[in-house]
Amino acid sequence: MTDMSNSKASLGWAIHAITGKWGWFVALGVGELILGGVASANLMAANLASVLVIGATMAVAGIFQIVQAFSVRGLRGFLLWLLAGIVYAAAGAIILYDPILASFTLSLAVCAFLVVAGVIRIWAGFHIRPAAGWRWIVAAGVLTFCVGVMLVAAWPAIGLWLLGVMLVVDLIFQGWGFIAFGVALKSRASRHSSQPATV
C-alpha cells in the first residue's frame with residue numbers, strides 16, 4: 001500500500017513539474033509540423049535523408065559493437081560479437097555509399113514487414129478468441145496485411161518516396177501530439193491556478 005501511494009505521489013509530482021513547461025511542448029510540436037511540411041515538399045529528399053540517418057546510425061552502432069567486442073575478448077562469444085559489429089558497420093557503410101539502392105532495399109523491407117506484421121496480428125486476434133475485441137485485432141491485421149501487399153505490388157515505383165512519406169506522417173502526428181499535450185498541460189495549470197488556496 002505504501003509503495004502504491006509513493007508511486008502516485010511521485011507521478012503527481014512529475015506531472016506538476018512539467019505543467020509549467022507546456023509552452024516547450026507546443027513549440028516542439030509546431031517545429032515538427034514545420035519540418036513535416038518542409039519534408040512533404042520534397043519527398044525524395046526526405047526519403048534520402050531518412051536513409052542517410054539510418055546508414056549513419058548503423059555504421060556508428062557497428063563501430064561501437066566492434067569496440068565493445070574487443071573490450072571483452074576474453075569472454076565466450078567474442079567472435080560472434082565482433083562479426084555482428086562488422087556486419088552492422090558494413091551495412092551502414094553500404095547504405096551511406098549508395099543511398100538510392102539502400103532506399104529501394106529498405107522500402108521493400110518495410111513492405112515485407114507490414115505483410116508479416118499483418119499475418120501475425122490476424123493470428124493473434126484469432127488466438128485470443130473469444131476475448132472481447134478480438135475482431136478489432138483481426139481487422140487491424142487484415143488492414144496492415146492489405147497495405148503491405150499493395151505496397152509490395154507497387155514496388156519499386158515507391159522506392160524513392162515511401163520512407164519520406166513515413167517520415168512526414170510521423171513528424172505531423174508527433175507534432176500534433178505534442179501540441180495537444182502542451183495545451184492539455186496549460187489547461188491543467190489554468191484549472192489549478194484558478195482554484196482557491198485551502199488553509
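The values are calculated or read from the model by the stated rules, or taken from the named source; none is laboratory data. Every value quoted in this text rests on a predicted model; they were computed, and no experiment measured them. Virtual Cβ from ideal backbone geometry, glycine too; neighbours counted across all protein chains shown. Remember, those area values only see protein heavy atoms, side chains included, never the ligands or the DNA or RNA. Shrake-Rupley method; radii C 1.70, N 1.55, O 1.52, S 1.80 Å.
The string of couplings for the range 153-165 from the Karplus curve (6.51, -1.76, 1.60, θ = phi - 60°) is 5, 8, 6, x, 4, 8, x, 9, 9, 4, 5, x, 4 Hz, one whole number per residue in order, with x for Gly and Pro.
Our coupling estimate for the range 31-37, obtained by passing each phi through the Karplus curve with A = 6.51, B = -1.76, C = 1.60 and θ = phi - 60°, is x, 5, 5, 5, 4, x, x Hz, Gly and Pro reported as x. Taking a ≥ b ≥ c as the square roots of the Cα gyration tensor eigenvalues, the range 61-171 comes out oblate, since a/c reaches at least 1.5 and a/b does not exceed b/c.
Taking chymotrypsin sites (Phe, Trp or Tyr not before Pro) across the range 117-167, none is in a DSSP loop with at most 11 further Cβ atoms lying within 10 angstrom of its Cβ. What a 1.4 Å probe finds exposed on the range 61-199 is 76% carbon and sulfur by accessible area, rounded to a whole percent.
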